[in-house]
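Beneath this line is the structure, given in C-alpha cells, with notes to follow.
The values are calculated or read from the model by the stated rules, or taken from the named source; none is laboratory data. Just so we're clear, the structure is a prediction, and the values are computed from it rather than from any experiment. In this analysis, Cβ positions are derived from the backbone assuming ideal geometry, glycine residues included, and neighbour counts consider all displayed protein chains. The accessibility values were calculated without ligands, DNA or RNA, using every heavy atom of the protein model including side chains. Shrake-Rupley method; radii C 1.70, N 1.55, O 1.52, S 1.80 Å.
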Amino acid sequence: MSPALSESPALSDRISSRLSAAALFVCFLAALAPALAAALPPIMDFPNHLARIWLIAEGARTAPLDQIYAIDWSKAGANVGVDFVAAALMRALPLAAVSKGLVALAFLGPPLGALALNRALSGRFHALQLTAFALAFPTTAIAGFVNYQISLGLALAAAAIAAPRLRNLALHAVFAGALLFVHPFGALLYAAA
C-alpha cells in the first residue's frame with residue numbers, strides 16, 4: 001500500500017473533525033445571537049424574572065422598596081435555584097451581564113446538554129448531533145420560562161456526567177436534589193434520562 005493511501009483516512013478524519021467543530025461553532029453562535037442582540041430580549045416572562053432577581057439581590061433593601069418587599073427564603077423550596085445563584089452573581093456583576101447569561105443559559109442549556117449526553121453515550125461527536133440546536137428556541141424559552149429551560153439543560157448535562165456511573169446512587173441523589181432546587185421538571189427529566 002502506498003503511503004499516500006494510508007494517510008488519506010487520517011487526513012479525512014482531521015478535515016471532518018474540523019468541519020464538525022466549525023459547524024458546531026456556527027450553530028452555537030446562531031443560537032446565541034438573538035439572546036445577545038437586544039438589551040432586554042423580547043422574552044415574555046423574562047422581565048418578571050429579572051425584577052425578582054434584582055429585588056432579591058439589592059432592590060428590596062433600597063428605599064422606598066424596603067417598606068414594600070421583604071426577602072424571606074424560609075418559605076422557598078423548589079424552583080428557586082436560578083434566582084438564588086443569579087442574585088448572588090448580581091452582587092458582583094452588572095445587571096446586564098447577569099441578564100445576558102440567564103438568557104444564554106435558557107436558550108443554549110438544553111441543546112448543549114443534549115450534545116453532552118449524546119457524546120457521553122456514543123463516545124464520539126457526529127455531525128448529526130448538531131440537530132440538538134433545534135431545541136434552542138422552543139415555546140417555553142420564548143415564553144420566558146427561564147428556570148424551566150435552565151433546569152432542562154442542567155438535567156441533560158447531569159445525565160451526561162452520570163452516564164458512566166449508573167450505579168452511584170449518591171451521585172444521582174445529589175443531582176436530583178440540586179435539580180429540584182432549580183426546577184421540579186429538571187429533576188423529572190433527569191429521572192427519565
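Please state, to two decimals, what the Cα-based radius of gyration of the range 68-193 comes to when divided by 2.2 N^0.38 Å (N = residues). Could the numbers behind the result be given before it?
Working: Rg = 15.6 Å, N = 126, 2.2 N^0.38 = 13.8 Å.
This ratio for the range 68-193 stands at 1.13.
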Accessible area of the chain divided out per residue, in Å², using a probe of 1.4 angstrom: 58
Helix 81-90: inclination vs the chain longest Cα principal axis, degrees, rounded to 10, gives 80
Give the angle, between 0 and 90 degrees and rounded to the nearest 10, that separates the Cα long axis of helix 95-122 from the longest principal axis of the Cα atoms of the chain. 40
Cα Rg, Dmax, the range 1-101, angstrom units: 23.5, 83
When the chain is treated as a GNM, springs tying every alpha-carbon pair under 10 Å, which of 129, 149, 67 comes out with the largest mean-square fluctuation? 67
Which of these, 151, 12, 99, has the largest mean-square fluctuation under a Gaussian network model of the chain (Cα springs below 10 Å)? 12
Estimated distance in nm for a label pair at residue 60 and residue 19, the labels positioned 7 Å out from Cα along Cα-to-Cβ: 5.4
Can you give me the % of accessible surface on the range 1-144 that is carbon or sulfur? Probe 1.4 Å, all protein chains present, nothing else counted. 68
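Let me check against my output: what whole-number percent is the relative contact order of the range 55-112, with C-alpha pairs under 8 Å and at least 6 apart?
That works out to 29 percent.
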Multiplying the sequence separation of residue 91 and residue 191 by 0.36 nm and subtracting their Cα-Cα distance, what value in nm do you get? 32.7 nm
Tell me, which longest segment in the chain has none of the trypsin sites (Lys or Arg not before Pro) that fall in DSSP loops with at most 13 further Cβ atoms within 10 Å? 1-90
Can you grab the distance from the C-alpha centre of the range 111-134 to the C-alpha centre of the range 42-81, Å, no decimals? 35
Out of every Cα-Cα pair in the range 85-132, what percent are more than 16 Å apart? 51
GNM of the chain, Cα pairs under 10 angstrom: of 171, 11, 135, the biggest fluctuation goes to 11
To test your reading of the geometry: what angle, between 0 and 90 degrees and rounded to tens, separates the Cα axis of helix 3-37 from the longest principal axis of the chain? 20
